[in-house]
Amino acid sequence: MQRGKKKKGTRVRIWLFRLFLISFAGFASWLVYLDLIIKAQFEGRRWDLPAHVYSAHDTLFSGAPISIYQLEQQLRNLGYTKTVSPKNPGEYKKGGLNIDFYARDFHFFDGLRSGQLIRTEFSETSIKAVIDKKTGKQINTFRLEPTLIGGIYPDSNEDRILVRLAETPQIVIKALVSSEDRGFLDHHGVSIKGIARALWSNITSTSGIQGGSTLTQQLIKNYFLNSERTLLRKIKEAAMSILLELHYGKNEILEAYINEVYLGQDGSRSINGFGLASFFYFSRPLSELTVAQAATLVALVRGPSLYNPFRFPARAKTRRNLILTHLLKSGYIDRKVFEKETEKPLHINSGGKHHENLYPAFLSLVRQQLKRDYRSDDLKKEGLRVFTTIVPRIQTIAEIKLKQQLEGMEKRLDLKRGELQAAIVITNPDNGEVSSLIGDRNLRQDAFNRAINAFRPIGSLIKPVIYLTALKQPEKFNLATLLSDEPFGLTDENGLVWQPQNFDHKSRGKILFLKGLADSNNIASVRLGMQLTLGEINETLKSLGTKKQMEYPSALLGALEMSPFQVAELYQHFASGGFSTPIQSVLAVVDRKNRPIKRYPLILKQAVDEKSVFQLNFALHHATVSGTARSIGLLMPKIEAAGKTGTTDGLRDSWFAGFTGDRMGVVWVGRDKNEPTGLTGATGALQIWIDIMKNISRLGYNPALPENMVTINVENNGNVTESNCPGAVTIPFRKEYIRERMSGCTQRKSKLLKWIKGVFE
Amino acid sequence: MKRFSLLFITTLIVSAGCASPSLKVPGTPKVLNEGSLREDIPAKTDGGKKDNDSVVAQILKDVEKLLSAGRPEKAVIELENAARISPKRADIYLRLGEIRYDQQLCHQATGMARKARQLGLTTTANTLSANHIITGCSGR
């Protein structure tokens, strides 16, 4: 019997042992599995990093058309702090007509520009001198860092700026360790002491709930797991923490934590890591934070919503001061610093949205252009840095003037506010760089970008293409050629008759070629187009880089749909003097380590001969003097321009496309439902164009007369005449095609004849 | 009577005018100021070419140093920056054309040389250089 009992006991022990072995094997396998996950995801690239997109930079030089106010504003946009005497990067001082600022180090796409102390001296409207304060020597040019204007985010919408541990200020690390995990350097992932301390503190103290998780555990939770409060999740978290500490050193773990931790929300974009949080809350890099600011960020770790400094400033300040208390108790700061820092206000960036997509319409153009060269995943995950062409100063002026003008127009036309929509494209005529792009009057909307996606009939904007086609045949056409303005009809294959009409329904018999375009005459333009043939005009369109083609005669009056961006691509050829240069929004792309990936250099190709385009532009300039765009001559008399108005049937679309010496702009105004606006090109889009251009353009359109061209006076009847003949216009001609007959002044003769007649009547 | 007298006097004056040796011979067009589009406003005779002269001059010197150091792409970036500062300076585009020509990038070189010519090259040497690029590239 006893032997039987012994045998049973042995069997039970054997089974228990087997069970133990199986459980152990299961547990070991589970640990191996967790270990594999950690190694696979923690090695190498650890995060999907968004591409960060920068504006164009300002170059400071003697003579640069930047005022002292504009530079100060730009420094503030870049997060520079005003001080009595700038001693650290990111500080500036303004005094009299000088600004001293300590520039930060910045990696441009072509290399590092080291930070230094700079003095800029100003006259009323421009920079007089740029001086290196250390040496006292004048600097030829100095590049100010560009503004970070947004990003291309991963599907998770997580945004972050990676910082290395070495770049992280010690005060941030100390604040983190002293408040979140005092035993960080001693434990191996999990701290029994920490758990016990937290339990005791939560039972006895009223100063807030303390967690027992180590920084390692928090990292594991954020990086691999979720916030589920279950026992299994906690066990997994503990196991993975220990495994992580087995494979990686404290520095690596801390660095990962600093870049991973969730610190706020900005719409759909989550703010992750101290690097980005520093810009988001304080508009400056982590290295420039004060002790109080560092403590504010650490305060967010426990609850970015709960301690949101925008929404709950008092609570955020209390929590910040608690962090400062931890720093004091841990001996990382002394009482003097503690007292000084606890008194400080939060000093949160009042805009609160430093890295929000400031210019969604422009960013969508950037994305579109980048997609040609990069996969979507690379754009969203590789942490690329994209340098673009947008000039924030010009964009801001365009936005302000657009808003003012649209509201004024709606009031005058008795329209509801918001009825009118608009799109604007502004470029540099010599290099095609987009300085400004607006796709919606609601500027921060990212829904429908009218600048690139709204295809509307362009009306008379097409006429320069017709006239250019003619001017390319100098043996037949010049600016003094007489065109017929007699009404006529065109019969289509169904027997329907189309009779183009002038805007005022009047006919003028014969008119100068110059005036046909400058006055936007419809009948003469259609007659000219039919004489040239649609086929020839389509060839011109092709040479101007557009795929749009005319299929019917009505296209001669602009029954042809294009987006404002496509119109800008067309008019870029005129503004540049006949050169084709791609309109571009991106200058260069580098990787996260600032190694160059691609640059988009200036490329020019002559698309139209110089003389033809010179004459065309002369007519477009004439439009601004006495044609449909004569408001320019009245409202912007100091800056010469050239351009074309466009109005569609029923006044549904109001267009203007024009240029000065240093800016080319296209403006469209209309209604999304395609209803009449009550605006012509001249009363609508042109007014917005003028209001913007007179604030951003400094160089008038004034090209030199090409070789073998001369200027001649011509009367309205096309005859060459004297300079003082009333009504005569001065027109450029190709020398080899000059008309030689000189007729005296018909105008003067006809007045004299009238007088004589009066004598005998 | 008064009107008739006036008519007679006017006829005499007009006849005198017609006989004046200062009347232009028919067939000879009067050539005006070749540089101006609007006579009532003094034209910028250089169309902005002289703006920021000294700044650009220094950049061009720096460009030569970069080329000597074997850094043509950096030199191109500096020239593009110079073109933003002074967009109507023909010599900037010419230098870009010359660099691209040396790099055997004819499609870029030709455009730059033509742009330089259009903006107006002021020395014979520069004109010859631009012409050389254009003809050289057309042969390639």
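The values are calculated or read from the model by the stated rules, or taken from the named source; none is laboratory data. No experiment lies behind these values; they were computed from the predicted model shown. Cβ coordinates were reconstructed from backbone atoms using ideal geometry, including for glycine residues, and neighbour counts include every protein chain displayed. These area figures cover heavy atoms from the full protein model, side chains too; ligands, DNA and RNA do not enter into them. Shrake-Rupley method; radii C 1.70, N 1.55, O 1.52, S 1.80 Å.
Of the residues in the stretch A:550-562, at least one is in contact with a helix residue (DSSP H, G or I) (Cβ under 7 Å, 6 or more places away or on another chain) and surrounded by fewer than 20 Cβ atoms within 10 Å (Cβ to Cβ). At least 3 residues being closer than 19 Å to A:Pro65 by Cβ is the threshold, and among the helices (runs of 4 or more DSSP H) wholly inside the stretch B:49-124 those reaching it are B:53-68, B:72-85.
Only residues that are surrounded by fewer than 20 Cβ atoms within 10 Å (Cβ to Cβ) and closer than 16 Å to B:Leu79 by Cβ: list them for the stretch B:107-128, please. Passing the criteria: only B:Asn126. All of A:Gln473, A:Gln501 fail the test of being farther than 14 Å from A:Ser525 by Cα and open to solvent by 10 Å² or more (accessible area, probe 1.4 Å), apart from A:Gln473.
The strands (runs of 3 or more DSSP E) falling completely within the stretch A:584-674 that include 1 or more residues that are at pLDDT 95 or above and over 30 Å from B:Glu73 (Cα atoms) map to A:642-647, A:653-659, A:664-670. Out of the residues in the stretch B:67-106 meeting the condition of being among the hydroxyl-bearing types (Ser, Thr, Tyr) and open to solvent by 10 Å² or more (accessible area, probe 1.4 Å), tell me which one is nearest to the chain's Cα centre (by Cα). Once the filter is applied, the top-ranked residue is B:Tyr101. Can you name every residue in the stretch A:646-670 that is open to solvent by 10 Å² or more (accessible area, probe 1.4 Å), away from chain B (no Cβ under 14 Å) and touching a Ser or Thr at 6+ places or on another chain (Cβ under 6 Å)? Across the stretch A:646-670, the qualifying residues are A:Thr647, A:Leu651.
Kindly establish whether A:Gly95 is at pLDDT below 95, closer than 23 Å to B:Ile85 by Cα, open to solvent by less than 70 Å² (accessible area, probe 1.4 Å) and of a type outside the set (D, E, K, R). It is false that A:Gly95 is at pLDDT below 95, closer than 23 Å to B:Ile85 by Cα, open to solvent by less than 70 Å² (accessible area, probe 1.4 Å) and of a type outside the set (D, E, K, R). With a requirement of 2 or more residues that are open to solvent by less than 50 Å² (accessible area, probe 1.4 Å), within 30 Å of A:His52 (Cβ to Cβ) and among the polar types (S, T, N, Q), the helices (runs of 4 or more DSSP H) lying completely within the stretch A:318-408 that satisfy it span A:360-370. When A:Asn502 is tested against (1) polar (S, T, N, Q); (2) under 30 Å from A:Ser55 (Cβ atoms); (3) not in a helix (DSSP H, G or I), only condition (2) is not met.
Taking interchain pairs and intrachain pairs at least six residues apart, which have beta carbon atoms under 6 angstrom, with the first residue in the stretch B:109-121 and more than 9 Å from chain A (Cβ to nearest Cβ) and the second open to solvent by 10 Å² or more (accessible area, probe 1.4 Å) and aromatic (Phe, Trp, Tyr)? Between residues of the stretch B:109-121 that are more than 9 Å from chain A (Cβ to nearest Cβ) and residues that are open to solvent by 10 Å² or more (accessible area, probe 1.4 Å) and aromatic (Phe, Trp, Tyr), the close pairs are B:Ala109/B:Tyr101.
Filtered by the rule that a residue be more than 29 Å from the chain's Cα centre (by Cα), part of a loop (DSSP other than H, G, I, E, B) and not charged (D, E, K, R), the stretch A:539-554 gives A:Gln549, A:Met550, A:Tyr552.
With respect to the conditions (1) farther than 30 Å from A:Lys380 by Cα; (2) open to solvent by less than 40 Å² (accessible area, probe 1.4 Å); (3) facing chain B (nearest Cβ under 10 Å), A:Lys605 falls short on a single one, namely (2). Picking from A:Thr81, A:Thr59, which residue would you name as being β-branched (Val, Ile, Thr) and away from chain B (no Cβ under 14 Å)? Every option except A:Thr81 fails the conditions. Kindly indicate whether A:Val567 is outside any strand (DSSP E or B) and hydrophobic (A, V, I, L, M, F, W, C). In short, yes.
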